[in-house]
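Scroll down for the structure; my scribbles are underneath it.
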Amino acid sequence: ANILVLTWGHTQLFIDKERQVAVANCHKRPASVFEEHHAGLHDLTQVYDHLIDLIRQYNPSLQIITTVSPVRYLRSGFVANTRSKATLHLLGAYLEQKGVAYFPSYELLNDELRDYRFYADDLIHPSPAAVQFIYDRFLTSWFDPAEAELLMDIRKITALLAHRPLHPD
């Protein structure tokens, strides 16, 4: 790979109480066997310092791009979501000093589009138009024009192939 994109959603994680490790998936086990935790900036910088060092040992030319998901995680409430996103933004700023790039998907939806018509009916997820806008901005930011044009052509062909004719006979 030439590019690795890391999309961060929130700082919330779950610790398996028995094994005392963070888990990626709760495997439909009861909530009582997990402890909810919000990772702080210090915890995250330590983890990502180590992770990026390992990645660069394996693939020194890999370009790493981070982004903060514009999807709001409201299970813990608006304030917790805002604090979580702020922590992730600080992590992104920290990693920029280590040569990791940042793509502003969160900012594009919340600051540039900044209108509820760019959200799905649940008012949490971006609408298809917003996803397309962010995707197009990513293409023009990270790919040269010929590559971006090729990807857009592939998208058109894929859409045509997925099209179901009204009268197949």
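The values are calculated or read from the model by the stated rules, or taken from the named source; none is laboratory data. Worth saying up front: this structure is predicted, and the values here are computed from it rather than measured. Backbone-built Cβ (ideal geometry, glycine too); neighbour counts: all protein chains shown. Protein only, heavy atoms only, side chains kept; ligands, DNA and RNA dropped before computing areas. Shrake-Rupley method; radii C 1.70, N 1.55, O 1.52, S 1.80 Å.
A few remarks follow.
- Per the listing Thr158, Thr87, the residue uniquely within 26 Å of Ile3 (Cβ to Cβ) and surrounded by 13 or more Cβ atoms within 10 Å (Cβ to Cβ) is Thr87.
- Within the stretch 20-42, at least one residue is assigned to a helix (DSSP H, G or I), within 25 Å of Leu4 (Cα to Cα) and at pLDDT 90 or above.
- Test: residue in the stretch 82-97 that is β-branched (Val, Ile, Thr), part of a helix (DSSP H, G or I) and farther than 27 Å from Pro126 by Cβ: no
- Candidates in the stretch 140-149 are the residues that are surrounded by 12 or more Cβ atoms within 10 Å (Cβ to Cβ) and part of a helix (DSSP H, G or I); of these, the one that is modelled with the lowest pLDDT is Ala148.
- Set Arg155, Arg164: member being farther than 29 Å from Thr66 by Cβ and either charged (D, E, K, R) or in contact with a strand residue (DSSP E or B) (Cβ under 8 Å, 6 or more places away or on another chain) (or both): Arg164
- One residue alone among Thr82, Thr11 is touching a strand residue (DSSP E or B) at 6+ places or on another chain (Cβ under 9 Å) and among the hydroxyl-bearing types (Ser, Thr, Tyr), and that residue is Thr11.
- The requirement of being in a helix (DSSP H, G or I) and closer than 21 Å to Leu6 by Cα is not satisfied by Ser61.
- Of all residues in the stretch 33-42, none satisfies being closer than 23 Å to Ser141 by Cβ and either in contact (Cβ under 8 Å) with a residue 40 or more places away in the chain or surrounded by 14 or more Cβ atoms within 10 Å (Cβ to Cβ) (or both).
- Condition check for Tyr94: among the hydroxyl-bearing types (Ser, Thr, Tyr), on the phi < 0 side of the Ramachandran plot, touching a residue at least 40 places away in the same chain (Cβ under 8 Å) and open to solvent by 60 Å² or more (accessible area, probe 1.4 Å): yes
- Under the condition of being out of contact with any Lys or Arg (no Cβ under 7 Å at 6 or more places or on another chain), of a type in the set (Ser, Thr, Tyr) and surrounded by 15 or more Cβ atoms within 10 Å (Cβ to Cβ), the residues counted in the stretch 99-126 number 3.
- Scan the stretch 7-19 for residues that are assigned to a loop (DSSP other than H, G, I, E, B) and under 16 Å from Ser84 (Cβ atoms) and the total you get is 3.
- Test: residue in the stretch 64-80 that is closer than 21 Å to Thr11 by Cα, part of a helix (DSSP H, G or I) and among the β-branched types (Val, Ile, Thr): yes
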